[in-house]
Amino acid sequence: AADAYAHALQKRPDSGWLHSRVGVFYLPSDPAQPGQSWETAKMHFEKAAVLHLNDPWAHERLAYVLHNMGE
């Protein structure tokens, strides 16, 4: 799935919706899955929040990640 998301982002790098979906993909879960990362999720949610300034969901997810990272 990570390769599919990377391919999709190459085609649509300015899609806030897509960055949000990729951010969710990288959110750590319980049990943890290979490749999950708070830092990677943060990067995608930050991009989504910039691309869609008025999207409360992107900002909420970014806040969730920052909270879990202790920021």
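The values are calculated or read from the model by the stated rules, or taken from the named source; none is laboratory data. Not measured: the values here are computed from a predicted model. Note: ideal-geometry Cβ built from the backbone for every residue, glycine included; neighbour counts use all protein chains shown. Only protein heavy atoms, including side chains, enter the accessible area calculation; ligands, DNA and RNA are left aside. Shrake-Rupley method; radii C 1.70, N 1.55, O 1.52, S 1.80 Å.
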Q: Would you check if there is a residue in region 37-50 being surrounded by 15 or more Cβ atoms within 10 Å (Cβ to Cβ), without any contact (Cβ under 8 Å) to a residue 40 or more places away in the chain and in a loop (DSSP other than H, G, I, E, B)?
A: no
Q | Index of the failed condition, residue 28 passing every other in (1) open to solvent by 50 Å² or more (accessible area, probe 1.4 Å); (2) at pLDDT below 95; (3) of a type outside the set (A, V, I, L, M, F, W, C) | A | (1)
Q) Is it true that some residue in region 51-60 is assigned to a helix (DSSP H, G or I), touching a residue at least 12 places away in the same chain (Cβ under 8 Å) and open to solvent by less than 90 Å² (accessible area, probe 1.4 Å)? A) yes
Q.
With the requirement that a residue be among the charged types (D, E, K, R) and out of contact with any helix residue (DSSP H, G or I) (no Cβ under 8 Å at 6 or more places or on another chain), what does region 42-63 give you?
A. 60
